[in-house]
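The block underneath contains the structure these notes are about, expressed in structure tokens.
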Amino acid sequence: MKFPRVPFSVTLLCVVFVRPPAARAESPAARPPGGDARCERMIDSLLRVMTLEEKVGQLVQITGWHRDAHSGPSVSPEQRALIERGELGGIFNIWGARATREAQQIAVEHSRLKIPLIFGLDVIHGYRTTFPIPLAEASSWDPAMVERDARVAAVEASASGVSWTFGPMVDIARDSRWGRIAEGSGEDPYLGSLLAAARVRGFQGNDPASDSAIAACAKHFAAYGGAEGGRDYNTVDVSERTLREVYLPPFRAAVDAGALTLMSSFNEISGVPSTSNRWLMTGVLRGEWGFRGFVVSDWTSITELINHGVAADTPRAAALALHAGVDADLQSGAYLQCLPALVREGIVPVAELDESVRRVLRVKCALGLFADPYGRCSESRERTDILTPAHVAQARRAGTESIVLLKNDNATLPLARTLGTIAVIGPLAADSVDPLGPWDAMGRPSDVVTLLEGISRAVAPATKVLYAQGCTIEGNDRPDFAAALGAARSADAVVIAVGESREMSGEASSRSTLDLPGVQGALVEAVAATGKPVVLVLMNGRPLSITRELKQANAVLETWFLGVQAGNAIADVLFGAVNPSGKLPVTFPRTVGQVPIYYDHKNTGRPPLDTEKYTSRYIDLPSTPLFPFGYGLSYTTFAYGGVTVSPATMDSGGAVTVSVRVKNTGTRAGTEIVQLYVRQNVGSVTRPVKELKGFRRLTLGAGESAPVEFTVAWGDLVMTTASGRRAVEPGTFTVQVGTNSRDVGEAPFAVAAPPAR
Ligand code: NOJ
């Protein structure tokens with residue numbers, strides 16, 4: 001094939017283009033990609049000289065060619081040939097300064113236009129320093145901490161050549177059967193939005209062009225968490241109202257925080273697969289929200305349009321996806337294979353192709369890849385910036401903040417460090433693999449501090465620590481039950497670690513029950529029957545229906561999967577070095593039959609009343625959950641004063657102040673997450689019984705009290721009216737403030753009608 005000659009100026013532009021310093025200082029939120037005129041001019045020049053194949057190539061993303069899990073992948077001969085011809089935009093699942101530099105060299109030194117590659121990886125909760133899984137971090141209700149953790153992940157990943165993470169996963173999830181609930185921030189759009197923005201800021205830093213920044217990718221756009229039956233990849237059927245009020249807000253927050261990319265989801269939404277959904281990808285995302293980065297498909301989701309039944313064959317799937325606004329093709333090969341011919345035949349307009357190429361190049365430019373294609377492939381930084389003591393300390397802190405204390409009868413916890421004997425039991429007690437959770441990137445079991453190790457380090461030298469596995473996570477054999485019971489009987493207290501393996505959550509890991517797998521429930525029962533104080537430590541990627549175990553244990557800690565510092569973090573809480581403050585970001589059902597269950601449900605015409613048959617309830621279960629959203633105890637106690645609202649009426653466009661006094665009524669310092677909910681009592685459409693609109697982390701010494709004030713502003717009350725307008729409807733509202741979504745004090749206020757014009 002003959003290539004047109006490249007004008008010197010374009011070659012020069014590709015090599016020496018550097019962003020002006022003033023621009024680099026601006027935050028991504030202040031300046032979405034595309035605001036840079038120099039980038040746009042360079043892209044114009046490139047588009048003028050790119051061949052059709054080179055343009056299509058920019059839209060192609062292919063997975064790296066793995067050699068082995070830890071020496072990293074290398075480029076295959078086929079990929080090398082594609083890169084040399086300028087027909088590959090990026091490689092994902094490639095990492096390591098050496099491997100990425102070698103691949104980049106092919107693009108920048110051996111391809112005609114020298115356009116740099118982008119290197120993607122699923123950096124979901126840490127790179128090598130594995131942090132708590134996102135659902136765990138959401139339990140901290142601490143966006144600042146979540147941002148710091150994402151920053152560490154970016155520093156480490158970028159040192160290893162990665163320029164793009166497939167995160168954050170911002171899907172709202174209300175069905176705990178869905179395995180991917182582990183990867184997101186739970187059930188609430190408000191908390192989910194704050195954490196989505198925090199992660200984007202953390203990944204991209206103050207300047208995406210900096211060598212320590214990686215492009216964020218908010219995924220999976222959209223409503224992937226609404227899969228019917230909680231079965232992964234399944235159909236989603238939601239109203240536009242629910243889509244806009246529940247599933248879309250975290251994506252909007254990610255876009256507003258400057259997210260450079262989004263990933264389209266596998267599912268359909270009410271008959272239209274996301275990957276061919278022009279209304280969503282172009283109308284809402286670009287038209288309404290002004291997004292200027294690029295959208296990548298999920299893994300083969302373009303050719304899956306054929307299985308969905310909206311495309312007859314691969315060319316039609318490619319044309320549909322591109323037209324919808326899916327700019328880059330992850331792994332299906334449909335764009336590479338079909339787009340050149342589709343454009344030549346006039347089926348796909350050149351302008352449509354050019355627009356997608358422009359978006360991909362814009363992100364590469366925003367990442368500074370044209371200015372320095374090798375900035376992120378630094379073997380020296382790879383040696384110094386990964387798994388540093390500071391990063392590991394941060395992971396420990398994140399672990400302690402992510403733990404939720406669910407039960408603590410008779411102040412069983414904290415345990416004394418000086419107990420004579422502690423029995424540490426359970427299949428997860430000495431496990432160094434599962435605490436890494438799903439999507440652990442470069443996390444290594446050898447970096448993990450197990451619970452047994454954490455406890456052994458934390459106790460006094462004279463304390464005896466006995467260990468027995470008891471049983472495996474799954475399976476029905478009980479070979480070690482006797483040893484476990486023996487250890488429990490000779491101990492002063494028992495810590496029993498049960499839950500799920502990490503493969504039981506994450507992608508393609510939906511479950512049909514939420515019970516403890518295998519014979520773990522029987523192990524807990526037998527250990528509890530010894531009469532010793534029992535502390536249940538849960539490690540899992542989703543809410544579990546632990547109704548029985550909750551009665552049997554004296555204390556229960558939900559620890560999720562806490563990453564490399566799991567054992568130290570749990571020990572910090574078990575022995576009281578840290579007073580737990582986590583709150584559930586998701587409702588815990590009593591049994592799987594209650595799912596989907598979430599706090600901001602509608603009231604229905606017959607709200608559940610357990611004593612009334614003809615109400616919205618199950619006849620064989622209480623209507624309340626096992627634990628409500630926002631629930632979590634502390635080693636101290638907090639008392640709330642009365643809630644007041646001032647003024648009593650919010651003027652059009654105005655705000656009210658909600659005040660409450662919170663007192664630490666216990667004997668030690670603690671942090672309370674004070675939660676604010678709002679209910680619109682009457683609307684033109686039905687409204688949730690309450691919606692989270694604010695929260696504060698409040699640390700109080702023993703006996704100390706403090707006032708807490710929230711502002712509820714006009715914008716917080718905007719909803720979709722019966723006529724489909726986004727507006728605030730005048731009328732009466734109720735604010736609720738409390739320690740979780742159930743235990744609240746409340747006060748009314750009104751919203752005035754806008755003045756007549
Ligand atoms: C498929 C998953 O759904 C997505 O979340 C992930 O980013 C890609 N595979 C790439 O690994």
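Entry remark, the range 609-660: residues being over 29 Å from Leu544 (Cβ atoms) and aliphatic (A, V, I, L, M) number 9 in total.
Hey, does the range 477-487 have a residue that's modelled with pLDDT of 95 or more, of a type in the set (Phe, Trp, Tyr), more than 29 Å from Ser623 (Cβ to Cβ) and within 35 Å of the chain's Cα centre (by Cα)? Scanning the range 477-487 turns up no residue that is modelled with pLDDT of 95 or more, of a type in the set (Phe, Trp, Tyr), more than 29 Å from Ser623 (Cβ to Cβ) and within 35 Å of the chain's Cα centre (by Cα). Considering the range 313-332, the residues that are in contact with a strand residue (DSSP E or B) (Cβ under 7 Å, 6 or more places away or on another chain) and part of a loop (DSSP other than H, G, I, E, B) include one that is farthest from Asp122 (Cα to Cα), namely Gly325.
Please determine whether any residue of the range 601-621 is touching a strand residue (DSSP E or B) at 6+ places or on another chain (Cβ under 6 Å) and at pLDDT 95 or above. The answer is no; no qualifying residue exists. Taking the range 253-282 as the range and being in a helix (DSSP H, G or I), more than 21 Å from Tyr233 (Cβ to Cβ) and open to solvent by less than 30 Å² (accessible area, probe 1.4 Å) as the test, the residues that pass are Ala253, Ala254, Val255. For the range 443-472, what are the residues that are hydrophobic (A, V, I, L, M, F, W, C) and open to solvent by 20 Å² or more (accessible area, probe 1.4 Å)? Leu452, Ala458, Ala462, Val465, Leu466, listed by residue number. One residue stands out among those in the range 396-440 that are small (Gly, Ala, Ser) and buried (at least 24 other Cβ atoms within 10 Å of the Cβ): the one that is farthest from Glu507 (Cα to Cα), which is Ala423. Scanning the range 738-756 for residues that are in a loop (DSSP other than H, G, I, E, B), of a type outside the set (A, V, I, L, M, F, W, C) and out of contact with any Phe, Trp or Tyr (no Cβ under 7 Å at 6 or more places or on another chain) yields Arg742, Asp743, Pro754, Pro755. Restricting attention to the range 669-697, and to residues there that are out of contact with any Pro (no Cβ under 9 Å at 6 or more places or on another chain) and not in a strand (DSSP E or B), which single residue is farthest from Asn603 (Cα to Cα)? For the range 669-697, the residue satisfying everything is Ala669. Out of the range 203-252, which residues are buried (at least 19 other Cβ atoms within 10 Å of the Cβ), β-branched (Val, Ile, Thr) and away from the ligand (no atom under 14 Å from the Cβ)? Residues satisfying the conditions are Val236, Val246. Do the conditions hold for Leu523, that is, is it modelled with pLDDT of 95 or more and either surrounded by 23 or more Cβ atoms within 10 Å (Cβ to Cβ) or within 30 Å of Asn234 (Cα to Cα) (or both)? Spelling it out, Leu523 is indeed modelled with pLDDT of 95 or more and either surrounded by 23 or more Cβ atoms within 10 Å (Cβ to Cβ) or within 30 Å of Asn234 (Cα to Cα) (or both). If you go through the range 550-567 and keep only what is assigned to a helix (DSSP H, G or I) and open to solvent by less than 10 Å² (accessible area, probe 1.4 Å), you end up with Gly563, Val564, Ala566, Gly567.
When restricted to residues that are within 19 Å of Gln736 (Cα to Cα) and open to solvent by 10 Å² or more (accessible area, probe 1.4 Å), the range 661-679 contains 3. Every test in (1) touching an Asp or Glu at 6+ places or on another chain (Cβ under 9 Å); (2) without any contact (Cβ under 8 Å) to a residue 60 or more places away in the chain is passed by Ser380 save one, and that test is (1). When Leu700 is tested against (1) out of contact with any strand residue (DSSP E or B) (no Cβ under 9 Å at 6 or more places or on another chain); (2) surrounded by 18 or more Cβ atoms within 10 Å (Cβ to Cβ); (3) of a type in the set (A, V, I, L, M), only condition (1) is not met. For the range 172-180, the criterion of being surrounded by 24 or more Cβ atoms within 10 Å (Cβ to Cβ), within 13 Å of the ligand (Cβ to nearest atom), within 15 Å of the chain's Cα centre (by Cα) and of a type outside the set (Lys, Arg) is met by at least one residue.
Among residues of the range 152-162 being farther than 21 Å from Ile403 by Cα and away from the ligand (no atom under 15 Å from the Cβ), the one that is surrounded by the most Cβ atoms within 10 Å (Cβ to Cβ) is Ser158. Residues that are in contact with a helix residue (DSSP H, G or I) (Cβ under 9 Å, 6 or more places away or on another chain) and either closer than 27 Å to Ala196 by Cβ or open to solvent by less than 20 Å² (accessible area, probe 1.4 Å) (or both): does the range 631-650 have at least one? Yes. Do we find that Ile118 is more than 13 Å from the chain's Cα centre (by Cα), closer than 21 Å to Phe294 by Cα, without any contact (Cβ under 8 Å) to a residue 40 or more places away in the chain and open to solvent by less than 10 Å² (accessible area, probe 1.4 Å) in this structure? No, not satisfied.
Among the residues of the range 281-334, not one is within 15 Å of the ligand (Cβ to nearest atom), of a type in the set (D, E, K, R) and closer than 14 Å to Phe251 by Cβ.
Would you check if there is a residue in the range 609-627 being open to solvent by less than 60 Å² (accessible area, probe 1.4 Å) and under 16 Å from Gly738 (Cα atoms)? The answer is yes, given that some residue of the range 609-627 is open to solvent by less than 60 Å² (accessible area, probe 1.4 Å) and under 16 Å from Gly738 (Cα atoms). For the range 518-542, filtering for residues that are assigned to a loop (DSSP other than H, G, I, E, B), touching a Ser or Thr at 6+ places or on another chain (Cβ under 8 Å) and closer than 30 Å to Gly229 by Cβ leaves 4.
Taking the range 295-309 as the range and being touching a residue at least 40 places away in the same chain (Cβ under 8 Å) and farther than 15 Å from Ser265 by Cα as the test, no residue passes. For the range 194-222, the tally of residues that are in a loop (DSSP other than H, G, I, E, B) and either acidic (Asp, Glu) or under 15 Å from Ala254 (Cα atoms) (or both) stands at 8. Selection within the range 481-517: residues that are within 22 Å of Gly567 (Cβ to Cβ) and assigned to a loop (DSSP other than H, G, I, E, B). The member of this set that is most open to solvent (accessible area, probe 1.4 Å) is Asp492. Does Val310 fit the bill of being part of a loop (DSSP other than H, G, I, E, B), surrounded by fewer than 24 Cβ atoms within 10 Å (Cβ to Cβ) and among the β-branched types (Val, Ile, Thr)? Judged against the criteria, Val310 is a match. Which condition does Ala577 not pass, out of (1) open to solvent by less than 40 Å² (accessible area, probe 1.4 Å); (2) in contact with a Pro (Cβ under 9 Å, 6 or more places away or on another chain); (3) away from the ligand (no atom under 16 Å from the Cβ); (4) part of a loop (DSSP other than H, G, I, E, B), if it passes all the others? If we test Ala577 against (1) open to solvent by less than 40 Å² (accessible area, probe 1.4 Å); (2) in contact with a Pro (Cβ under 9 Å, 6 or more places away or on another chain); (3) away from the ligand (no atom under 16 Å from the Cβ); (4) part of a loop (DSSP other than H, G, I, E, B), just (1) comes out false. The residue that is nearest to the ligand (Cβ to nearest atom), among those in the range 186-198 that are in contact with a helix residue (DSSP H, G or I) (Cβ under 8 Å, 6 or more places away or on another chain), open to solvent by less than 10 Å² (accessible area, probe 1.4 Å) and at negative phi, is Ala196.
The values are calculated or read from the model by the stated rules, or taken from the named source; none is laboratory data. As the structure is a prediction and not an experimental result, all values here were calculated from the model. Here the Cβ is made from the backbone with ideal geometry for all residues, glycine too, and neighbour counts use every protein chain on show. To get the accessible areas, we keep the full protein, side chains included, count just its heavy atoms, and leave off ligands, DNA and RNA. Shrake-Rupley method; radii C 1.70, N 1.55, O 1.52, S 1.80 Å.
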